[in-house]
Amino acid sequence: MRIKAAVLHAMGIERPYDQSQPLVIEEVELEKPGAGEILVKIHAAGLCHSDLSVIDGNRPRQVPMVLGHEAAGEIVELGSGVDQHSVGEHVVFSFVPVCGHCMPCMTARPALCENGVAANNKGSLLGGGMRLRDQQQRNIHHHMGVSGFAEYAVVSTKSVVRIDNTLDYNIAALFGCAVMTGVGAVINTAKLILGQTVLITGLGGVGFAALLGAIAGGASKIIVADVNQEKLKKALEFGAHEAIDSSKENALENIRDITHGGVDIGFEFAGVIPALEFTYNATARGGKTVTAGLPHPSKTMQLAPVKLVAEERTLQGSYIGSCIPARDIPAYIELYKSGRLPVEKLLTHILSLNEVNIGFERLAKGEAIRQVIRFN
Ligand SMILES: [Zn+2]
Ligand SMILES: [Zn+2]
């Protein structure tokens, strides 16, 4: 079938994106779902910083590629052998397919699924195939097994989680990346204990979702740090207790004063080395630093190992919030429904597919939390 999609043909195109238009809205060919695959009509897709990192070249991927890895939609067709889903079901996509039989999958760490990550690096679906073609019949790569910036997507059944049909698609989409990554980092990776103190550095969609997670999880003091004043203000409205401008010289000292020596858990979501070093240094002796930021693969951080040892510190990475999507997405949705995880606060803009480049320029400028493309 012929569908409209946002295709990235080259990385590293100069800003402003509303002028340079790195994503081209074009008609592409989408093949029928193969064995173990489904055709999903996309209803909503969120603009995430990781998409931006592909556009600006910080997270190199195969091009051409249809971007978008945070989305929700409705199953409209089943491939052969699909018996655990049915047409009409609503689904949220998970951006690492869960093969279910590799060692990480079998040890309850599907975020590290070997087959899922290999397929994502190749830009294919979990089974190895590509279902997107351009007008010349050349392959177009899939983004994280999802490619949600399109009217329809063919995906592996291992890339979706079934959700309640009553949930608004605009909200549902956010659970696929921002909520899993942010809330999961707090609950699964850091294993926040009631009453612990927390620092969240980097207030994008994931940082704000982590803030919601820290509130829901019972952090006693939540400090947020960023260089963007508007976002700091917004975080206080969300329920953060202290907001710190991390560009200020006394920022670290301030955090140590507020917490009598440093926070129990520091989270870094900015994806830049100074933010990671800042967060690590703001964490208390015996504390934990969790990072979900994704700096360019060539970047390295300065770290004095003596502090890791003598102060029993932990520095830990978190991918998809160490989530088990089939377990955590429904649980987080239940928390949302009961008002304990007000995910709707993350949603700042609703766009059409044609406005995708305007949206990414807005995201690059730091003027949005989560923007969702709504398909009719
Ligand atoms: Zn994302
Ligand atoms: Zn696996």
Chain lengthening between ARG285 and ARG109 when straightened (0.36 nm per residue, less Cα-Cα)
60.6 nm
Quick one: Cα centre-to-centre distance for region 134-205 and region 271-305, in angstrom?
23
Using the scaling law 2.2 N^0.38 Å as the reference, what is the normalised Cα Rg of region 296-363?
1.76
State the dimensionless ratio Rg/Rh of region 171-248 (Rg: radius of gyration of Cα atoms; Rh: Kirkwood radius).
0.96
Taking every C-alpha to C-alpha distance in region 266-316 and binning by 10 Å from 0, the per-bin percentages run 27, 56, 16
Peptides 226-234, 364-372 ordered by average Cβ neighbours within 10 Å, highest first
364-372, 226-234
Fraction of alpha-carbon pairs in region 1-52 farther than 15 Å apart, rounded to whole percent, equals 63
Considering all alpha-carbon pairs of region 194-318, what whole percent are spaced by more than 19 angstrom?
41
Once both labels are modelled 7 Å past Cα along the beta-carbon direction, what's the LYS299-VAL24 spacing in nm?
3.0
Among 241-248, 50-57, the order from most to least packed when residues are scored by Cβ within 10 Å on average:
50-57, 241-248
Region 22-98, relative contact order [Cα under 8 Å, separation at least 6], %:
35
Using only alpha carbons, build the gyration tensor for region 168-209 and give me the equivalent ellipsoid semi-axes, biggest first, whole Å.
21, 12, 8
For the chain, what does the relative contact order come out to in percent, with C-alpha contacts under 8 Å and a separation of six or more?
18
Work out the FRET efficiency for VAL272 and SER220 from their Cβ-Cβ distance, taking R0 = 25 Å, and round it to the nearest 0.05.
0.35
Based on C-alpha coordinates, I'd like the Rg and Dmax of the chain, in Å.
20.1, 63
With 0.36 nm assigned to each residue of separation and the Cα-Cα distance removed, ASN139 to ARG2 gains 47.9 nm
Which residue, chosen from LEU252, ALA214, ILE273, occupies the Cα position most advanced towards the positive end of the dipole of region 206-300, where the dipole is computed from +1 (Lys, Arg) and -1 (Asp, Glu) charges on Cβ about the Cα centre?
ALA214
Taking region 193-245 and dividing mean pair separation by its residue count, relative contact order in percent (alpha carbons under 8 Å, at least six apart):
37
Which three extents, in angstrom, do the Cα atoms of region 72-152 have along their principal axes, listed largest first?
42, 29, 23
Hey, if you drop one equal point scatterer on each alpha-carbon of region 68-117 and run the Debye formula without solvent, what base-10 log of I(q)/I(0) do you get at q = 0.21, 0.22 Å⁻¹?
-0.87, -0.91
For region 109-252: span of alpha carbons on each principal axis (Å, largest first)
57, 32, 30
Run the numbers for LEU236 and GLU344: contour at 0.36 nm per residue of separation, minus the present Cα-Cα distance, in nm.
37.3 nm
Add -39500 (n - 2.57) for each DSSP H run of 4 or more in the chain, then divide by its residues: what number comes out at 222 nm, to the nearest 500 deg cm²/dmol?
-7500 deg cm²/dmol
GLN84 label point, 7 Å along Cα→Cβ, cut-off 15 Å on backbone N: hits in region 34-66?
36-38
What per residue convex hull volume, in Å³, do the alpha-carbon atoms of region 1-87 yield?
109
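No lab work stands behind these numbers, since they all come straight from the coordinates. Since the model is a prediction, treat every value here as computed from it, not as a measurement. Note that we place each Cβ from the backbone using ideal geometry, even for glycine, and neighbour counts take in every protein chain shown.
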